[in-house]
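The values are calculated or read from the model by the stated rules, or taken from the named source; none is laboratory data. Worth saying up front: this structure is predicted, and the values here are computed from it rather than measured. Glycine gets a Cβ as well: all are built from the backbone with ideal geometry, and neighbour counts include every protein chain shown. What goes into the accessible areas is simple: the full protein's heavy atoms, side chains included, and nothing from ligands, DNA or RNA. Shrake-Rupley method; radii C 1.70, N 1.55, O 1.52, S 1.80 Å.
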Amino acid sequence: MNIFEALRVSHETQRTLADHLIKTQGNSQDRASLFNELKLELAAHAAAEERFFYVPLIAHDMTQEPSRHGIAEHHQMDKLVAQLETIDFSSAGWLTTARELQHKIHHHLEDEEQAVFQLAGKVLSEAEKLSLAKGYEGEFVSQRTKA
Ligand SMILES: [Fe+2]
Ligand SMILES: [Fe+2]
């Protein structure tokens, strides 16, 4: 598995969780567990992806700006997650903010898969694509089990 295939595994999980989350209602067990699962998935993925994808990409001119942009979007998603933690599950504002997060997630993943992956494919060697996948997977698992 290369780094792109490794990252896509969590991307699919994030899309599924976010799409299900915005279909939940009020103060339900479904909403609470999907939100918690999405929160852990996003945090583990962002931490591992920054270390084993964006940091190595920042070293190359062609991918420096897109890497900074990607990391900035991680912070924006973190803020939306933090906002959701302060709003009552049963309030209308919760769903509005959850929709904003779902939208942001789809946009961010699309951006990574369509734009960043193409550029990264040019600057990373084949050996790096494999070793970064191993590093990413190890870090992702350790982040998920730590949480
Ligand atoms: Fe990302
Ligand atoms: Fe990603």
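Numbers at a glance
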quantity: Where segment 23-102 is the region considered: accessible area per residue in Å², 1.4 Å probe; calculated: 53
quantity: Under 24 Å from Lys134, Cα to Cα: lysines that are on another chain or at least 8 residues apart; calculated: Lys39, Lys122, Lys146
quantity: Segment 3-146 - charge dipole about Cα centre, Lys and Arg +1 at Cβ, Asp and Glu -1, debye rounded to 20; calculated: 240
quantity: In sequence order, calculated HN-Hα J values of segment 11-23 (Karplus, 6.51, -1.76, 1.60; Hz; x Gly/Pro); calculated: 4, 5, 4, 4, 4, 4, 4, 5, 5, 6, 4, 6, 9
quantity: Among His103, Phe52, Leu84 - extreme Cα towards positive end, dipole of the chain, charges at beta-carbon; calculated: Leu84
quantity: Separation between Cα centres of segment 12-66 and segment 94-136, rounded to whole Å; calculated: 10
quantity: Protein accessible area in the chain, 1.4 Å probe - carbon and sulfur %; calculated: 54
quantity: Helix-only CD estimate at 222 nm, as mean residue ellipticity for the chain, using -39500 (n - 2.57) per DSSP H run (n ≥ 4); calculated: -27000 deg cm²/dmol
quantity: Segment 83-89 - phi-based ³J(HN,Hα) in whole Hz, Karplus 6.51/-1.76/1.60, Gly and Pro as x; calculated: 4, 4, 6, 9, 9, 5, 3
quantity: Listed residues His11, Ser125, Gly93: farthest to the positive end of the dipole of the chain (Cβ charges); calculated: Gly93
